[in-house]
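Just below is one structure, and these are the notes that go with it.
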Amino acid sequence: MRTFIFIVAAGLMITNAWAEHEADHRYNIRGYVLDENQQGIANLDVRAFNGDSLLGNSKTDSDGYYSLHLHLHNEDNRRVLRLRAGPYQSELRVTFDPADANTLRVHDANFLAGEFVEGRLGRFRMPPWVYPVGGFLLLGVIVVLLEKRRKKKIKLKKSGLAEHHSSGHSKSKKRREKKH
């Protein structure tokens, strides 16, 4: 029985070794397919084409995530591929450093409510540029609110001083009247 398990395990390892490409021949396309409510669309076919040739296909999981593992060469750098996810379709340009044969070549490609968005999605499945823009907007709102508060305090201070000054002036006038 041990011999049988060893033979099966060795066979699986050899099969996996044959299936793996050199690092400089692997190109991974991954991303999400989300609806207009930012919810993943499950079980959707995702395919990558070079012209009419199918390079790879996958299905989205329950979160709308997919991952394609393609076999490309250095000559394929800057090539335009067609990516199709169910009814959605777009083109993407293969980009990597041909001199770097060690770094994993990954292209993040997403469909958000039918629109193609390249780049890794953030924590809440939003493009990363949304966070700094949102931060600047929030900072702007805070600055405007603080400035309004400052102006209101100045206005109250002035009106308070005017009342205090006018009431103080009338008291001194009354004192002068009593003396005479």
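Observations on the structure shown:
- Every pair of residues 6+ apart whose Cβ atoms lie under 6 Å, when the first sits in the range 109-126 and is farther than 12 Å from GLN38 by Cα and of a type in the set (Lys, Arg) while the second is modelled with pLDDT of 85 or more and surrounded by 15 or more Cβ atoms within 10 Å (Cβ to Cβ): ARG120/ASP108
- Checklist (1) crowded, with 17+ Cβ neighbours inside 10 Å; (2) closer than 30 Å to GLY134 by Cα; (3) modelled with pLDDT of 90 or more applied to GLU91, failing item: (1)
- Here LEU72, LEU83 are screened, and the one residue that is in contact with a strand residue (DSSP E or B) (Cβ under 8 Å, 6 or more places away or on another chain) and at pLDDT 90 or above is LEU83.
- Each residue in the range 51-96 was checked for being in a loop (DSSP other than H, G, I, E, B), over 17 Å from GLY119 (Cα atoms) and not basic (Lys, Arg), and 11 pass.
The values are calculated or read from the model by the stated rules, or taken from the named source; none is laboratory data. None of the values given here were measured: they were computed from a predicted structure. Cβ: placed from backbone, ideal geometry, glycine included. Neighbour counts: every protein chain shown.
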